[in-house]
Amino acid sequence: MQTPVDLAQQLTRWGFGQALPSLVFTSRARNGDLQGQVVKRTTRSQDLPLDLFDQIRAAGPFAVEKIAHTTARLDVVREVLASPDVAVGQFTPDQSPFVRAASWAARSAPVGPITPPSLLAVEPPDHTRMRKLVTRVFTVRAVERLRGRTEQIAGELLDEMERRRRAGQPVDLIESYAAPLPVTVICEILGVPQRHQADVLRFGNLAAPSLDFGLPLRRFRQVEGALREFEQWLTEHIERLRREPGDDLFSQLVAARDDDGQPLTDVELRSTAGLVLAAGFETTVNLIGNATALLDQHREQREALLAGDAQWSVAVDEALRHDPPVLLTARTTIRDTEIAGVPIRRNRPIVTLLAAANRDPEVFTDPDRFDVHRDNAADHISFSSGRHYCLGAALARMEGDVALRALRERYPGLRVDHERARRRNTRILRGYAALPVVLEP
Ligand code: HEM
């Protein structure tokens with residue numbers, strides 16, 4: 001039962017975390033801030049605002065505006081993300097009333113994918129310790145071992161799609177393939193027993209929007225409710241895995257010890273599982289959908305892939321570069337510093353536009369062209385960079401490779417119904433809500 005204090009704290013969290021940023025961006029966009037306009041434009045249509053990216057890049061290493069320093073240059077984005085002088089989240093060392101209210105409200109917050117102690121919300125030394133342990137389990141070899149199982153899952157989903165095709169039923173690629181594939185793989189990584197998979201899918205679906213911002217209050221409350229339910233389920237799940245470890249990666253993480261013999265705490269384990277689940281729900285699905293739509297628009301490139309004249313792994317990277325699942329990330333300076341030769345004061349937000357850096361003409365020739373033959377496609381920054389570089393990058397690449405290849409091998413003539421395709425209305429996450437396809441063997 002939610003007490004009046006819990007409710008007040010939840011409303012404060014929503015105000016500071018969702019409503020306020022939305023208001024700030026809207027008002028700054030109205031005042032001509034480029035960064036505010038980027039967020040507004042991408043929310044409305046999800047078409048990348050390439051003209052704004054060019055304007056920001058033309059302003060120098062950073063476009064310096066009221067809200068933030070914003071960068072669209074790949075070298076500068078890398079420098080920001082590697083800097084020891086920046087941190088994830090907001091850094092406000094003084095005890096202003098704002099900070100005091102925010103920490104009061106955080107007391108009753110559920111563990112979420114972007115709140116501490118999530119890897120995405122902590123910095124060294126905690127981040128280093130946690131990340132080292134998670135990396136020990138999440139190795140490239142461990143991911144490669146999942147390839148066979150991923151192929152099997154893709155095959156089963158395609159069989160089901162074929163059944164629908166034969167029955168004359170419409171097929172939405174997101175619902176039938178792009179979403180269930182990564183989610184099933186994540187459930188296996190987390191060692192979710194078959195009988196609990198439907199529950200976990202429900203938590204994931206409800207909680208996943210927590211990776212974005214600007215949620216309406218009702219949705220925010222739903223998200224927090226699902227996070228709480230998931231946390232409760234995880235508490236029991238971790239107990240179960242301690243008693244009877246499986247051969248899944250999460251069982252290994254539960255048992256892992258650092259050099260001092262210390263395991264991850266229960267809340268760190270729950271938070272890591274939550275982040276992995278949310279990432280599985282919200283990002284790889286977009287990669288598969290965005291790449292399918294792009295390949296649909298480029299017949300010769302599709303044919304080159306099917307004929308073996310181009311590599312699927314390059315196509316995956318090129319899709320990640322051209323239409324990235326994550327628009328941007330942000331940091332705050334924790335001391336006065338200088339980045340890319342620009343002095344920046346302490347406590348200043350820096351927005352790194354990943355999607356814009358991927359179109360940096362200094363790095364990518366003819367950057368707006370989608371080209372599966374591009375020899376430096378993998379130089380994109382869609383998985384971020386520096387100490388928060390995506391831990392799931394190898395997994396996402398493997399899943400993208402398997403999913404795209406299996407789909408096109410089964411249906412070389414597949415066509416996307418672009419008229420009826422619908423982009424999502426999220427701000428930072430970019431992908432399709434629906435991608436109706438016509439299946440032709
Ligand atoms: C195409 C798919 C994916 C994309 C585009 C993507 C993108 C990203 C980005 C941009 C970040 C860093 C954000 C920042 O620097 O602020 C990140 C971090 C992370 N991602 Fe992914 N991700 C994907 C798939 C996955 C998957 C499948 C997993 C699950 C294993 C995953 C797990 C993580 C984790 C745990 C972090 C936090 C790392 C840290 O802070 O140290 N990601 N991802």
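Quick look at the values:
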read-out: Counted residues, segment 9-58 - those being part of a helix (DSSP H, G or I), modelled with pLDDT of 85 or more, over 21 Å from the mean Cα position of the chain (by Cα) and under 17 Å from residue 69 (Cβ atoms); value: 7
read-out: Identity of the residue in segment 127-142, charged (D, E, K, R) and away from the ligand (no atom under 11 Å from the Cβ), that ends up farthest from residue 248 (Cα to Cα); value: 129
read-out: Pair list, Cβ < 6 Å and 6+ apart or interchain, from segment 106-122 residues that are under 20 Å from residue 205 (Cα atoms) and assigned to a loop (DSSP other than H, G, I, E, B) to residues that are within 9 Å of the ligand (Cβ to nearest atom) and not acidic (Asp, Glu); value: 113/275; 113/278; 114/120; 114/121; 115/121; 118/275
read-out: Matching residues in segment 300-315 - criterion: being under 9 Å from residue 373 (Cβ atoms) and part of a helix (DSSP H, G or I); value: 301, 304, 314
read-out: Qualifying residue in segment 409-423 (condition: away from the ligand (no atom under 16 Å from the Cβ) and in a helix (DSSP H, G or I)); value: yes
read-out: Members of segment 153-170 found to be under 18 Å from residue 188 (Cβ atoms), in contact (Cβ under 8 Å) with a residue 60 or more places away in the chain and not hydrophobic (A, V, I, L, M, F, W, C), listed by number; value: 155
read-out: Filter pass, residue 194 being more than 15 Å from the ligand (Cβ to nearest atom), without any contact (Cβ under 8 Å) to a residue 12 or more places away in the chain and surrounded by fewer than 22 Cβ atoms within 10 Å (Cβ to Cβ); value: yes
read-out: Failed item, numbered, when residue 344 is tested on (1) in contact with a helix residue (DSSP H, G or I) (Cβ under 9 Å, 6 or more places away or on another chain); (2) buried (at least 18 other Cβ atoms within 10 Å of the Cβ); value: (1)
read-out: Segments classed as helices (runs of 4 or more DSSP H), wholly inside segment 187-263, with at least 3 members that are under 30 Å from residue 16 (Cβ atoms); value: 197-207, 217-243
read-out: Qualifying residue in segment 94-105 (condition: surrounded by 16 or more Cβ atoms within 10 Å (Cβ to Cβ) and more than 23 Å from the chain's Cα centre (by Cα)); value: yes
read-out: Hits in segment 330-355 - residues which are within 11 Å of residue 83 (Cα to Cα), within 16 Å of the ligand (Cβ to nearest atom) and assigned to a strand (DSSP E or B); value: 331, 332, 333, 339
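Residue-wise test of (1) surrounded by 24 or more Cβ atoms within 10 Å (Cβ to Cβ); (2) free of Cβ contacts under 8 Å to residues at least 60 places away in the same chain; (3) touching a His at 6+ places or on another chain (Cβ under 8 Å); (4) at positive phi.
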site: 272; (1), (2), (3), (4): yes, no, no, no
site: 277; (1), (2), (3), (4): yes, no, no, no
site: 282; (1), (2), (3), (4): yes, no, no, no
site: 289; (1), (2), (3), (4): yes, no, no, no
site: 302; (1), (2), (3), (4): no, no, no, no
site: 307; (1), (2), (3), (4): no, yes, no, no
site: 312; (1), (2), (3), (4): no, no, no, no
site: 321; (1), (2), (3), (4): yes, no, yes, no
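The values are calculated or read from the model by the stated rules, or taken from the named source; none is laboratory data. Here the structure is a predicted model, which is why all the values come from computation and not from measurement. Note: ideal-geometry Cβ built from the backbone for every residue, glycine included; neighbour counts use all protein chains shown.
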